[in-house]
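Read the structure below first, then the notes.
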Number of protein chains: 2
Amino acid sequence: MDVKFKCNCPFTSALDVVGDKWLLVIVKQMLIEGKETFKDFTEADEAIATNILTAKLKFLEEMGIVIKTQRPDNKKTNLYLLTEKGLALTSVLVELAFWSDKHLRDIHPTIVNGEEMELLRNDKTTFARVIENRYREKLTSLF
Amino acid sequence: MDVKFKCNCPFTSALDVVGDKWLLVIVKQMLIEGKETFKDFTEADEAIATNILTAKLKFLEEMGIVIKTQRPDNKKTNLYLLTEKGLALTSVLVELAFWSDKHLRDIHPTIVNGEEMELLRNDKTTFARVIENRYREKLTSLF
DNA sequence: AATTATTGCTTGCATATCGCCAGCAAAATT
DNA sequence: AATTTTGCTGGCGATATGCAAGCAATAATT
């Protein structure tokens, strides 16, 4: 379960790690929807099979994108949280959403389109910072 | 060979299209390395099996990310070129490279690190614009 | 004009990954 | 003590990937 880098290209090296059907979806669920337990992920809109979820979470942990912890009071429920390395993927996700907004609506008209999307359209950088800060606050309030 | 959107999320909808092992690699080869013919792709550092390449190019064409043309003077060699929709993925790729530069060097020290990376580190937006313009110029000079 | 090389594929088959489903142990709740 | 919840594991079929061979059409070479 480790990475094989195809070459020394910085573009594709990222894809060697994160260019997978599920990894960025999981990161997005953590970052945007606040999902943090195994259960949370299985209940998401984009439902992942549990065996794959296990494998992907383990991989994300190995890569240092996610850390696995527990709540201070609960010995069973594991918490999966983004590290700085994981949080740094925010900009990638924001660019993906920006692209969807602009280029996918013709073939997928029901993509959500609310206030948040308005902010994203107007200022990607601020949008990314807001999301990152919200996650960081959540982290500090957890412990 | 068409897309199934898992939900209405703008983040994951992009991944439904482009969150695949190869698609962004191909786009990057076109954008950064100027690859444009079937042969070009088969000779890349990140070599794709020809059957998969065929399938992926067809998909990118169906998605309107790439157009398939021919050189005015050559009836055999096909040209695969990025559309505006494809060019708009530049920012995503740039963010991926930025992330690699910052977070992947510890596990993959041989990632290229030259002048271009310096520019990328200093100003992502300019870097993206430079790449996009270079590609646009190439397009106009082609026809 | 005939021969050879190149390009852009397709096909067959092996292997790897994905995805559904059932089940299960440990902890937590009732 | 019994039940539920959480976090997983394993089996098995379906889909995707990867390697190799082959092949027709065009282009280049002789």
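The values are calculated or read from the model by the stated rules, or taken from the named source; none is laboratory data. None of the values given here were measured: they were computed from a predicted structure. Neighbour counts run over all protein chains shown; Cβ positions are idealised from the backbone, glycine included. For the accessible areas, the whole protein counts, side chains as well, though only heavy atoms, and no ligand, DNA or RNA atoms are used. Shrake-Rupley method; radii C 1.70, N 1.55, O 1.52, S 1.80 Å.
Say a paramagnetic label sat at a point 7 Å from the Cα of B:Asn8, along Cα to Cβ; which residues of segment A:99-119 have their backbone N under 14 Å from it?
A:105, A:108-117
For the protein assembly as shown, give the magnitude of the charge dipole about the Cα centre (Cβ charges: +1 Lys/Arg, -1 Asp/Glu; no others), in debye to the nearest 20.
Taking the Cα centre of the protein assembly as shown as origin, the dipole is about 380 debye.
Classify segment A:30-69 as rounded, prolate or oblate, taking a ≥ b ≥ c as the square roots of the eigenvalues of its Cα gyration tensor: rounded when a/c is under 1.5, otherwise prolate if a/b is larger than b/c and oblate if not.
Numbers: a/c = 2.04, a/b = 1.26, b/c = 1.62.
Judged from the Cα gyration tensor, segment A:30-69 comes out oblate (a/c at least 1.5, b/c at or above a/b).
Given contacts defined as C-alpha pairs under 8 Å and at least six residues apart, what's the relative contact order of chain B, whole-number percent?
Relative contact order comes out at 19 percent.
Please list, ordered by chain and number, the residues whose modelled amide H lies under 5 Å from the amide H of A:Leu79; skip anything fewer than 5 residues away on the same chain.
The answer is A:Thr69, A:Gln70, A:Arg71.
Hey, can you find the accessible area per residue of segment A:10-142 for me, probe 1.4 Å, expressed in square angstrom?
On the way: 6190 Å² over 133 residues.
Solvent-accessible surface per residue comes out at 47 Å².
Return the FRET efficiency for the residue pair B:Arg121, A:Val130: r is the Cβ-Cβ distance, R0 is 22 Å, and the value is rounded to the nearest 0.05.
Once rounded, the FRET efficiency stands at 0.40.
Within segment A:10-142, what whole-number % of the accessible surface is contributed by carbon and sulfur, with the 1.4 Å probe and all protein chains included in the calculation?
Roughly 51 percent of what the probe reaches on segment A:10-142 is carbon or sulfur.
How many angstrom separate the Cα center of segment B:1-64 from the Cα center of segment A:70-125?
Segment B:1-64 and segment A:70-125 have Cα centres spaced 22 Å from each other.
Report the calculated FRET efficiency for A:Asp106 and A:Lys75 (r = Cβ-Cβ distance, R0 = 41 Å), to the nearest 0.05. If you can, show how the numbers build up before the last one.
Details: r = 50 Å, r/R0 = 1.22.
Here the calculated transfer efficiency is 0.25.
Cα convex hull of chain B: how many Å³ per residue?
About 136 Å³ per residue, rounded to a whole number.
Say the cut-off is 24 Å between C-alpha atoms; which of B:Lys35/B:Lys58; A:Lys21/A:Lys58; B:Lys6/B:Lys35; A:Lys58/A:Lys102; B:Lys75/B:Lys138; B:Lys21/B:Lys58 go over it?
Checking Cα-Cα distances, B:Lys6/B:Lys35; A:Lys58/A:Lys102 exceed 24 Å.
Under a Cβ-only charge scheme (Lys and Arg +1, Asp and Glu -1), can you give me the dipole magnitude of segment B:85-139 about the Cα centre, in debye to the nearest 20? Display every interim value, and only then the final one.
Details: 9 positive and 9 negative charges, 51 e Å.
With only Lys, Arg, Asp and Glu charged at Cβ, the dipole is about 240 debye.
If we restrict to alpha carbons, what Rg and Dmax does the protein assembly as shown come to, in Å?
19.3, 72
Could you work out [θ]222 nm for chain A from helices alone, using -39500 (n - 2.57) per DSSP H run of at least four and dividing by all its residues? Round to the nearest 500 deg cm²/dmol.
Roughly -17000 deg cm²/dmol at 222 nm, from the helical runs in chain A.
Within segment B:94-141, report the trypsin sites (Lys or Arg not before Pro) that DSSP leaves as loop and that have at most 15 other Cβ atoms within 10 Å.
On the way: sites: B:Lys102, B:Arg105, B:Arg121, B:Lys124, B:Arg129, B:Arg134, B:Arg136, B:Lys138; in loops: B:Arg105.
Taking segment B:94-141 and a limit of 15 other Cβ atoms within 10 Å, the loop trypsin sites (Lys or Arg not before Pro) found are B:Arg105.
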